[in-house]
1. Let me confirm something: among Ala118, Ala145, which residue is touching a residue at least 24 places away in the same chain (Cβ under 8 Å), surrounded by 19 or more Cβ atoms within 10 Å (Cβ to Cβ), of a type in the set (Gly, Ala, Ser) and not assigned by TED's automatic domain parsing to the domain that holds Ile44?
2. Any chance you could count how many residues in segment 41-54 are in a loop (DSSP other than H, G, I, E, B) and surrounded by 17 or more Cβ atoms within 10 Å (Cβ to Cβ)?
3. Out of the residues in segment 250-280 meeting the condition of being farther than 25 Å from Arg168 by Cα and among the basic types (Lys, Arg), tell me which one is surrounded by the most Cβ atoms within 10 Å (Cβ to Cβ).
4. Being modelled with pLDDT of 80 or more and either hydroxyl-bearing (Ser, Thr, Tyr) or closer than 14 Å to Glu205 by Cβ (or both) is the filter here, so list the residues in segment 266-287 that pass it.
5. Counting only residues that are assigned to a loop (DSSP other than H, G, I, E, B) and within 22 Å of Gln259 (Cα to Cα), which one in segment 215-239 is farthest from the chain's Cα centre (by Cα)?
6. For Val36, indicate whether it is at pLDDT below 90 and under 26 Å from Lys162 (Cα atoms).
7. Here is a check on your reading of the model: is Leu178 surrounded by fewer than 18 Cβ atoms within 10 Å (Cβ to Cβ) and free of Cβ contacts under 8 Å to residues at least 40 places away in the same chain?
8. For Ala161, only one of the following conditions fails: (1) aliphatic (A, V, I, L, M); (2) surrounded by 22 or more Cβ atoms within 10 Å (Cβ to Cβ); (3) part of a helix (DSSP H, G or I). What is its number?
Amino acid sequence: MQTATETPKRRALGKGLESLLPRVQPAAEAPKPEAVEAGKAREIPVGEIDRSPYQTRTRFDEAQLAELAASIAATGVVQPIVVRPVAGGRFQLIAGERRWLASQRAGKETVPAIVRHASDEQAMEMTIVENLQRTDLNPMEQARAYEQLAREFQLTQEQMAKRTGKDRASVANFLRLLRLPPQVQGQVESGELSFGHARTLLPLEDPETILKAAQKVTALAMSVRQTETYVQGILNPESKKSAGEQKEKPIDPNVREVQESLQRSLGLKVRVEDRKGRGRVIIEYAKIEEFDHLLEILQVRS
């Protein structure tokens, strides 16, 4: 265990943490409680543990939490939570919030915990990455976790992808969800709209248009494929010719499929014009940030 005179060392928690971030100067540590063997769990009163201020998770499945509480009441906590000591002789969560909450519901007075002496920066690092490596975060929670990681540690999308074991395109897609209007973000967070639905709405760009489209998608219970078709109808309305108001020539199904695939991948409006195997691909952007994002994608894939 680290003592007050030792040089603080970075500790690993889960995949990628050992090399996650550049070394930072740790903040002054709170007075440490009684010494315990490093890595060994100890029983800590649940009332002496505080939630992490760096936690990006905002929702818990009540049914799953109740099941976990029932299991803990019957057999106890199988995997210890991870905490760090803070001022006033209390502890702050780093990982294991569900187990901590379920232990309280189960009426447990204590919970097994591993104590780690971590600075604020290290605690934030471990909490965010531990969350991103879970599979049950909703899309908006993941988007905010990546955004916090980028903001606090000035990481690029490529760096976040490598250090959290994710695909760079996936990181970019989650971050783009933060461009959705707050009401639509709430629908994604509650599960009314899936990640696929949300990503399909992004090319609409205008917040009011996105909001109206999201309301229609949920009202009609559209599938992602139906939503794609609906969004394309908004982006590419039928052109009316002065004589007869004829519909524009239908797009070849293969060309349409490529066009929609590119739009999903880039998150931008794309138009493919093909004439017997020759043509052009037009990618539209509304602001410089979208142009920079496009350049980043093209450079990574080149």
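1. Step by step, each of Ala118, Ala145 is checked, and only Ala145 is touching a residue at least 24 places away in the same chain (Cβ under 8 Å), surrounded by 19 or more Cβ atoms within 10 Å (Cβ to Cβ), of a type in the set (Gly, Ala, Ser) and not assigned by TED's automatic domain parsing to the domain that holds Ile44.
2. 3
3. Among those that are farther than 25 Å from Arg168 by Cα and among the basic types (Lys, Arg), it is Arg256.
4. Those that are modelled with pLDDT of 80 or more and either hydroxyl-bearing (Ser, Thr, Tyr) or closer than 14 Å to Glu205 by Cβ (or both): Leu266, Gly267, Leu268, Lys269, Val270, Ile283, Glu284, Tyr285.
5. Going residue by residue through segment 215-239, those that are assigned to a loop (DSSP other than H, G, I, E, B) are 220-223, 236-239.
Still in the list and also within 22 Å of Gln259 (Cα to Cα): 222-223, 236-239.
Details: Met222: 24, Ser223: 22, Asn236: 31, Pro237: 33, Glu238: 37, Ser239: 39 Å.
Out of the qualifying residues, it is Ser239.
6. On the way: at pLDDT below 90: yes; under 26 Å from Lys162 (Cα atoms): no.
It is false that Val36 is at pLDDT below 90 and under 26 Å from Lys162 (Cα atoms).
7. yes
8. (2)
The values are calculated or read from the model by the stated rules, or taken from the named source; none is laboratory data. Everything quoted here is computed from the prediction, not taken from an experiment. Note that each Cβ is placed from the backbone with ideal geometry, even for glycine, and that neighbours are counted across all protein chains shown.
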